[in-house]
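Participant: Here it is, the structure in full.
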């Protein structure tokens with residue numbers, strides 16, 4: 001299993017809208033996650049920053065498939081009015097510096 005994390009940013013004034021949209025995530029998007037190999041996906045919020053964590057068998061392959069999946073394209077367009085750009089990018093990958101897993 002591979003892990004991938006990234007940072008997004010929103011205006012804190014848009015938090016309630018962001019949360020409402022995620023309470024009603026399109027079922028087609030959730031199915032797209034299943035189809036492309038996403039095993040788990042979480043998003044955490046802290047003062048305008050969104051920290052996302054995803055696990056899949058092959059992150060590179062999963063992200064490549066999601067990039068063009070119609071359900072994901074639709075969702076990204078739907079969310080684009082809330083996500084802020086940082087240095088020209090919406091998504092900024094972050095590096096894992098510690099991981100513990102009990103066997």
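Participant: In percent, how large is the relative contact order of segment 2-94, given Cα pairs closer than 8 Å and 6 or more residues apart? Mind dumping the intermediate values first?
Facilitator: Numbers: 122 pairs, mean separation 42.4, N = 93.
Relative contact order comes out at 46 percent.
Participant: Give the order of 59, 43 when sorted by the count of other beta carbons within 10 angstrom, beginning with the fewest.
Facilitator: Fewest to most other Cβ atoms nearby, the residues stand as 43, 59.
Participant: Here's a follow-up. Kindly identify segment 10-51 as rounded, prolate or oblate by the Cα gyration tensor criterion: order the square roots of the eigenvalues as a ≥ b ≥ c, call it rounded if a/c is under 1.5, otherwise compare a/b with b/c, prolate if a/b is larger, else oblate.
Facilitator: Working: a/c = 3.84, a/b = 1.83, b/c = 2.10.
In terms of gyration-tensor shape, oblate.
Participant: For the chain, what does -39500 (n - 2.57) per DSSP helix run (n ≥ 4), summed and divided by total residues, give at 222 nm, in deg cm²/dmol to the nearest 500? Walk me through the numbers before you get to the answer.
Facilitator: Details: 4 runs with 39 residues, N = 103.
Computed ellipticity for the chain at 222 nm equals -11000 deg cm²/dmol.
Participant: Could you please rank 69, 22, placing first whichever residue has the fewest other Cβ atoms within 10 Å of its Cβ?
Facilitator: On the way: 69 18, 22 11.
In increasing order of surrounding Cβ atoms, one gets 22, 69.
Participant: On a full-extension model of 0.36 nm per residue, what is the gain between residue 20 and residue 94, subtracting their alpha-carbon distance, rounded to one decimal in nm?
Facilitator: Taking 0.36 nm per residue and subtracting the Cα distance, the gain is 24.1 nm.
Participant: Taking 0.36 nm per residue of separation and subtracting the Cα-Cα distance, what length does fully extending residue 101 through residue 68 add?
Facilitator: Details: separation 33, 0.36 × 33 = 11.88 nm, distance 3.21 nm.
Difference between extended and current length: 8.7 nm.
Participant: When a footprinting reagent is the concern and you count Cβ atoms within 10 Å, what order do 54, 1 take, fewest first?
Facilitator: Working: 54 21, 1 10.
By the 10 Å Cβ count, ascending: 1, 54.
Participant: What's the FRET efficiency of residue 27 with residue 76 using the Cβ-Cβ distance as r and R₀ = 22 Å, to the nearest 0.05? Walk me through the numbers before you get to the answer.
Facilitator: Values: r = 16 Å, r/R0 = 0.75.
About 0.85, to the nearest 0.05.
Participant: In terms of the Cα gyration tensor, with a ≥ b ≥ c the square roots of its eigenvalues, is the chain rounded because a/c is under 1.5, prolate because a/b exceeds b/c, or oblate?
Facilitator: oblate
Each value in this text was obtained by applying a stated rule to the coordinates, not by laboratory testing. This is a predicted model, so every value here is computed, not measured. Ideal geometry is used to build each Cβ from the backbone, glycine not excepted, and the neighbour counts take in all protein chains shown.
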